[in-house]
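Participant: Please read through the structure below; I'll follow up with questions.
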Amino acid sequence: MTESESDSRLLAGCRGLVLGVSTENSTGFQCARALSGFGARVAVTCRPTRKSAVSELVREFDGLALGLEATEEESFDRAFAEIEREFARLDFLVHTLVHVPDGALTRPSYELSAEEFGQVMDIGVRSLLAACKRALPLFAGSEHPRVVALISAGSEFVIPRYHVVGMAKAALASAVRYLAQELGPLGVLCNTLSFSIIDTDAARRVIGADVTQQTRNYLAKRAMTGARLEFEHVTNAVAFLASPLCANLTGETVNVDGGFSRNYF
């Protein structure tokens, strides 16, 4: 058996959904592409205004693009109705949604309006709960349903120009633990994956391209492996957590950062 044949069998026959794809250089898209490469049929959600562009992106792996306005219940209903028509069941759900109102991270957290704060939490956290509610009937048709949410070190530590996103990621991690307790008896395993900075469009937009590269170099220097984090390090871990190989493991956070978070010096 070749390496590629072995990889393709990890998620062979599985059907899954990735919530939150924007551009090709986004974590959501890279996850969707990798999960497809491991053998899964993958649907993705994106802002309705981005559906045409994202449909072109996922065409390379015959993916299904669904418009989703994460603050609207009816939008969730429509998206999951289409998933049911196309897939009949779901084996995994991967959450990568995050939202930052324009200019929010350039101001102190206490200056955010109630509307801005609510948007970040609604899209970054409650969207997972809304998705799981609608995924449950589809999970019932799976022998190994899995939920994976992507968080970051900002959920535990202070990161400059990241405040409300860090708060949302902390809340998301907590939500996943409660989902693990609630859905465990139904056979649904729920875990989070925390990872250090990758050179994404979002990172460049928030802190700038130069600071992104400087941060990545610093983290690599402090990491036990001495290696910078790349997309495949994250997507491979997501594939495991979404797969049947992830058994009786739930409510946990897996850190993918080259050992940086465990390296005192």
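Participant: Lys and Arg at +1, Asp and Glu at -1: add these up for the other residues within a Cβ distance under 11 Å of Arg126 and post the number.
Facilitator: Residues close to Arg126 contribute a combined charge of -1.
Participant: What's the extension gain from Arg9 to Arg107 if we count 0.36 nm per residue and subtract their Cα-Cα distance? Please list the in-between numbers first.
Facilitator: On the way: separation 98, 0.36 × 98 = 35.28 nm, distance 4.71 nm.
Going from the current span to full extension adds 30.6 nm.
Participant: Report, please, the projected area of the chain averaged over directions, based on the convex hull of its C-alpha atoms, in nm². It would help to have the intermediate numbers written out before the result.
Facilitator: On the way: hull surface 57.0 nm².
Across all orientations, the chain yields a mean hull projection of 14.3 nm².
Participant: So how strong a dipole does region 3-259 carry about its Cα centre when Lys and Arg Cβ are +1 and Asp and Glu Cβ are -1, to the nearest 20 debye?
Facilitator: On the way: 25 positive and 31 negative charges, 66 e Å.
Computed charge dipole of region 3-259: roughly 320 debye.
Participant: Additional query: Relative contact order, percent, of region 28-87 when contacts are C-alpha pairs under 8 Å separated by at least 6 residues?
Facilitator: Working: 60 pairs, mean separation 17.0, N = 60.
This gives 28 percent for region 28-87.
Participant: Moving on. Anyone know which of Glu115, Glu73, Glu143 comes out most mobile in the 10 Å Cα GNM of the chain?
Facilitator: Judging by the Gaussian network model, the answer is Glu115.
Participant: Using +1 at the Cβ of each Lys and Arg and -1 at the Cβ of each Asp and Glu in the chain, identify which of Ala175, Phe117, Phe265 lies farthest towards the dipole's positive end.
Facilitator: Final value for the positive-end residue is Phe265.
Participant: Rounded to the nearest 0.05, what FRET efficiency do Asp122 and Arg205 have when you use their Cβ-Cβ distance and R0 = 30 Å? All intermediate terms of the calculation are to be shown ahead of the outcome.
Facilitator: Details: r = 20 Å, r/R0 = 0.68.
Efficiency computed from Cβ-Cβ geometry: 0.90.
Participant: If contacts are Cα pairs under 8 angstrom and at least 6 residues apart, what is the relative contact order of the chain in percent?
Facilitator: On the way: 479 pairs, mean separation 48.9, N = 265.
Reported as a whole number, the value is 18 percent.
Participant: Determine ³J(HN,Hα), in whole Hz, for all residues of region 144-156 in sequence, where each value follows from phi through the Karplus function 6.51 cos²θ - 1.76 cosθ + 1.60 and θ = phi - 60°; x replaces Gly and Pro.
Facilitator: Ordered by residue, 3J(HN,Hα) equals 8, x, 9, 10, 10, 10, 8, 10, 8, 4, x, 6, 10 Hz.
Rule-based calculations on the coordinates, nothing more; no lab input. Since the structure is predicted, the reported quantities are computational estimates derived from the model, not experimental observations. FYI the Cβ positions are ideal-geometry reconstructions off the backbone, even for glycines, and counts take in every protein chain you see.
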